[in-house]
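Enquirer: What follows is a structure written as structure tokens; I'll ask about it next.
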Amino acid sequence: MSLAIETRDLRYRPGNGFQISNLSMHVPRGALYGFLGPNGAGKTTTIRLLLGLLPAQAGRITVLGQTMPAEHVAVMSRTGYVPERPHVYPTLTVDEALRLHAAYHDRWDGAWAAELLRQFGLVGDRKVGALSKGETGKLMMLLALAQQPELLVLDEPTDGLDPVVRRDVLEALLEYVSTHQATVLISSHLVHELERICDWIAVMDRGAMIAELPMQEFKAGIKRLSVYNAPDQLTDVPFTVLRRTSFNGSGEQWLVRGWTDDMRDFFPAAGSTLREVIDLDLEDGFVELLRSFREVK
Amino acid sequence: MFDAGVARAALAALALSLGALRTGMAQNAAEYHRRLDSLGGEWHAAIGTVVKADSAQIHALPGDTIHAGQLLAISDSAHVSLARSTLARLAPEVDSAYGASARALTRRPFVIRTNERDTAVVVTGVADSMGVVHFMSSDFPNEKALTNSWHNKLDAVMTALSSAALQKWLRATIPTGTPSASDWNSDRIQLVLADSRVSQTCVRGDLTGCLEAFSLLPVADPAFELYDDAGQRGIINAHGYLLRQSDPTAYDACMTHGVRAACDKLLRSMPVDAIPQPLPASLRQSLVRYALSIGGAGAFDRLVGTQGTPRQQLEAAARMPADSLVSKWRAMALRTRNASSTIDVETALASIAWAGLFAGLSLRSSRWR
Amino acid sequence: MSQRPSQWRVLLETQWTWTRGILLLGSIVAFTVPLVSLETAAGAADAASAKEVAFIGTMQAWSIGYALTAAGIGLLIAIAAWSYDHRLRHVYALSLPIARWRYVLQRYTAGLALLALPTLALLAGAELAAHSAAVPATLHAYPLALTLRFAFATLVAYSIFFGISSATARTAGYVLGVIALIIIAQVVLSSAGSGVNVIGRVSDIVFATPGVLAVFSGRWTLIDV
């Protein structure tokens, strides 16, 4: 599998108690890679490390086959970035912001930028600082897309946007990805949004990567099971039990990972009864995953 | 070079004389002159003492004699080579600058010897026919420094050939050589910024003002004819230490209340010699140098050989009337326009260097924020 | 938008939008100072007997006006060059595909180009003043020399503050720390009864050629002998 982003044993400690330790990340080329995590998990810091905006204290970062931050000029010429907070100079007009961005990006597509400007309903002579939150979000996505990058790194790009704007922005993104086969790393805490568009998912919490796998695998493998007469000690379990909670005396609910239907035979052999297998959506899975991770810690 | 003891003696003489001036407070010119002459006598006596002492030391040294044109030098063995090369640099100028008068130099050898108290410098001077060394100084033992020093000594020796009247008028040495653009620029600045009335009228084109400013026209009452009210107050202020004590009432009335009569009284109480010359001595030197440069061959001989007033001597040297000479000099001085002193090359280069340094540091600023 | 504009030109336009107010004000002041100084010098000369001396003295008294104008413009343009980058934590600039030093160089030279405006305004004002009838015939005007000095002074002020502004907060802290140390040393020495004048010595070094601020001290006169 060819990787657009790869980190190995990445370490960063800004000095405020928070730290990223031994972070390994693998974003396949052409993937829509959802980067999930609660606020403060370290998603933005990780992205800033990936793009050479922060210096890692240890570890190795490769982006589009080039080493960061040593080769940041080459990498940034192939990477579109939408940061968490608006980064465009607020005193410029939209047109001036586009001119500035165009000047620094060799593959800038002026015609498409104009088309997106019209499509997003942005007015060229308005000051960036006077734009609404939604308009600012659209502008930043426009800037990132019109430079025709191979990799898009989007840090909470739709955070705070209303549903209509969010849909406009995501549609433009998906259209670009489909036509250019670009890789997208999109960080968000809006799980449903990522569930809809991503084919890979990574979950981060407290500076550590706790899951990284294809979306289908993630969604399919996490189940809640209703089990009766379960033994206290489990042996030879073919799936991972993330959590056990009791209910109605002899009943228990298990949160499991790596579940497939052919594993039902395990329960009779263990002297217990499986009453129900409940599918969890991504959000449930995400929440349960976090909870179990924190309990283990 | 005077040693500390002689300097102290001279200062003591000066202080005593000032004390006498202060206690006596003679208010007439004759009295002032008498006391100044007395002071001058003491000063020259003090200098004579040290010169003779040094002269004895110099003659006690075995010396090599070096010739170059009309110039002569007596050197101790350590500085023969330096003396020879310095004379070689000076000799070519001598004939063209001083003409036949340069023959006098054959009787006035330069002397140079090691300074036993400070080996970083050498002692040099000019000996007279009696063997007494004059114009002694300590100089760095290199050709450039020695050439400058001996050039000045040459000017002093040759000035001594001129009449007492010319020396009194000039109050400095007779300079030689063609004035440079820098010399003219300096002259222009001094002329324009001289604050006497006549110097200002000279700047504005009044030739009589120029002649008066150079003291080439007789002036009966210099304080009143050469200076306006502000200039007169400046003179009173410059002599305030004495005038305030001699006539405090008049001084206060003049300086505090601007009473004209009081100022006049104070000015009249001052000796003529105490009234400053309207132009600095350097401008008189400039005029003399200009006269010599346009006078051509034999100009110096005519200057020192002509009997009469300084005006007549200048006219003889320049071979033109004083009016024309001063007029031409004024035109030359005011025509010169050098670059402004507002910015100099060193400051400009330093600015560029500092700006480059800070720009360079900026370029090295970290990308980590 | 079919043709990409040059990076330097766009940065110049950007900095122009940030600094045009300062530049306009600075240019007006730079244009006005020579004229006002001439006016006051002419007034002083009228009332004096030695007109040239009074004239030059008054012109020189305006040195501080030129020096402050140059320092102020240099300072404000340098700070404005980085102001929005600081507010946005340099994210935009650092995410551009350009080496840091090249980006800083572009910003520096763009700011330098903008400094030409007040400098030209000063030249215009100085030339206008130089041709005024109020200048005594015996004196000369040096509008170009004055403008050169002004240009060098703004260059130095701009470069110093650009350097400090482009540095990290920590570096700026070091600079302030050194200044504070000098002041503290002076206070301690003075209170201990020492006659050592630390601030005076530092000032001598800084303001005398080839000191970093030498261009600000000395003569700034438009009209001279």
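Enquirer: How do the pairs read when you match residues in the range A:55-76 that are more than 11 Å from chain C (Cβ to nearest Cβ) with residues anywhere that are outside any strand (DSSP E or B) and small (Gly, Ala, Ser), using Cβ under 6 Å and keeping only pairs 6 or more apart or on different chains?
Expert: A:Gln66/A:Ala74; A:Met68/A:Gly52
Enquirer: Consider the range C:1-38. How many of its residues are within 11 Å of another protein chain (Cβ to nearest Cβ) and open to solvent by 70 Å² or more (accessible area, probe 1.4 Å)?
Expert: 8
Enquirer: Give the residue that is farthest from C:Leu96 (Cα to Cα), with candidates limited to residues of the range A:72-100 that are of a type in the set (Val, Ile, Thr) and in a helix (DSSP H, G or I).
Expert: A:Val94
Enquirer: I need every pair where a residue in the range C:145-161 that is more than 27 Å from C:Leu176 (Cβ to Cβ) and facing another protein chain (nearest Cβ under 7 Å) has its Cβ under 7 Å from the Cβ of a residue that is part of a helix (DSSP H, G or I) and among the β-branched types (Val, Ile, Thr), sequence separation at least 6 or different chains.
Expert: Every condition considered, the pairs that remain are C:Arg149/C:Val215.
Enquirer: Which fully enclosed helices (runs of 4 or more DSSP H) of the range B:257-351 have 2 or more residues being at pLDDT below 95 and open to solvent by 10 Å² or more (accessible area, probe 1.4 Å)?
Expert: Output list reads B:260-269, B:281-295, B:299-305, B:322-335.
Enquirer: Scan the range A:81-108 for residues that are more than 8 Å from every other protein chain (Cβ to nearest Cβ), in contact with an Asp or Glu (Cβ under 9 Å, 6 or more places away or on another chain) and under 16 Å from A:Leu142 (Cβ atoms) and report the count.
Expert: Count: 4.
Enquirer: Would you confirm whether or not the range C:29-38 contains a residue that is more than 30 Å from C:Ala137 (Cβ to Cβ) and aliphatic (A, V, I, L, M)?
Expert: Our first condition is that a residue be more than 30 Å from C:Ala137 (Cβ to Cβ); within the range C:29-38, this holds for none.
Within the range C:29-38 (the criterion being more than 30 Å from C:Ala137 (Cβ to Cβ) and aliphatic (A, V, I, L, M)), the answer is no, since none of the residues qualifies.
Enquirer: Among the residues of the range C:195-216, write down those that are free of Cβ contacts under 8 Å to residues at least 60 places away in the same chain, surrounded by 15 or more Cβ atoms within 10 Å (Cβ to Cβ) and within 12 Å of chain B (Cβ to nearest Cβ).
Expert: C:Phe207, C:Thr209, C:Gly211, C:Val212, C:Leu213, C:Ala214
Enquirer: Hey, another quick one. Could you say whether any residue in the range B:202-211 is hydroxyl-bearing (Ser, Thr, Tyr), closer than 14 Å to B:Pro276 by Cα and assigned by TED's automatic domain parsing to the domain that holds B:Leu287?
Expert: no
Enquirer: Among (1) out of contact with any Phe, Trp or Tyr (no Cβ under 9 Å at 6 or more places or on another chain); (2) at negative phi, where does C:Gly193 come up short?
Expert: If we test C:Gly193 against (1) out of contact with any Phe, Trp or Tyr (no Cβ under 9 Å at 6 or more places or on another chain); (2) at negative phi, just (2) comes out false.
Enquirer: While we're here: Against the condition more than 9 Å from chain B (Cβ to nearest Cβ), over 26 Å from C:Arg20 (Cβ atoms) and open to solvent by 40 Å² or more (accessible area, probe 1.4 Å), how does C:Ala124 come out, does it pass?
Expert: no
Enquirer: Considering only residues that are of a type in the set (Lys, Arg) and touching a strand residue (DSSP E or B) at 6+ places or on another chain (Cβ under 9 Å), which ones fall in the range B:128-167?
Expert: The one that is of a type in the set (Lys, Arg) and touching a strand residue (DSSP E or B) at 6+ places or on another chain (Cβ under 9 Å): B:Lys153.
Enquirer: Quickly run through the range B:65-100 and pick out the residues that are hydrophobic (A, V, I, L, M, F, W, C) and either surrounded by fewer than 18 Cβ atoms within 10 Å (Cβ to Cβ) or not in a strand (DSSP E or B) (or both).
Expert: B:Ala78, B:Val80, B:Leu82, B:Ala83, B:Leu87, B:Ala88, B:Leu90, B:Ala91, B:Val94, B:Ala97, B:Ala100
Enquirer: Within the range C:131-142, count every residue that is more than 17 Å from C:Ala54 (Cα to Cα) and surrounded by 19 or more Cβ atoms within 10 Å (Cβ to Cβ).
Expert: Qualifying residue count, the range C:131-142: 1.
Enquirer: What single numbered condition from (1) over 30 Å from B:Ala104 (Cα atoms); (2) open to solvent by less than 30 Å² (accessible area, probe 1.4 Å) fails to hold for B:Gly205?
Expert: With respect to (1) over 30 Å from B:Ala104 (Cα atoms); (2) open to solvent by less than 30 Å² (accessible area, probe 1.4 Å), B:Gly205 is out only on (2).
Enquirer: Among the residues in the range A:135-147, are any open to solvent by 10 Å² or more (accessible area, probe 1.4 Å), touching a residue at least 60 places away in the same chain (Cβ under 8 Å), out of contact with any Phe, Trp or Tyr (no Cβ under 9 Å at 6 or more places or on another chain) and not basic (Lys, Arg)?
Expert: No: the range A:135-147 contains no residue that is open to solvent by 10 Å² or more (accessible area, probe 1.4 Å), touching a residue at least 60 places away in the same chain (Cβ under 8 Å), out of contact with any Phe, Trp or Tyr (no Cβ under 9 Å at 6 or more places or on another chain) and not basic (Lys, Arg).
Enquirer: Name the single residue that is nearest to C:Tyr84 (Cα to Cα) among those in the range C:166-186 being among the aliphatic types (A, V, I, L, M) and open to solvent by less than 60 Å² (accessible area, probe 1.4 Å).
Expert: C:Ala167
Enquirer: So, one more: If a residue counts only when it is not aliphatic (A, V, I, L, M), which strands (runs of 3 or more DSSP E) contained entirely in the range A:1-71 have at least 3 such residues? Before the answer, list the steps.
Expert: On the way: elements: A:3-12, A:20-28, A:32-36, A:58-63, A:66-68.
Correct list: A:3-12, A:20-28, A:32-36, A:58-63.
The values are calculated or read from the model by the stated rules, or taken from the named source; none is laboratory data. This one's a predicted model, so the numbers in the text were calculated from it and none came from an experiment. Cβ atoms come from the backbone with ideal geometry, glycine included; neighbour counts cover every protein chain shown. Keep in mind that these areas ignore ligands, DNA and RNA; they rest on the heavy atoms of the full protein, side chains included. Shrake-Rupley method; radii C 1.70, N 1.55, O 1.52, S 1.80 Å.
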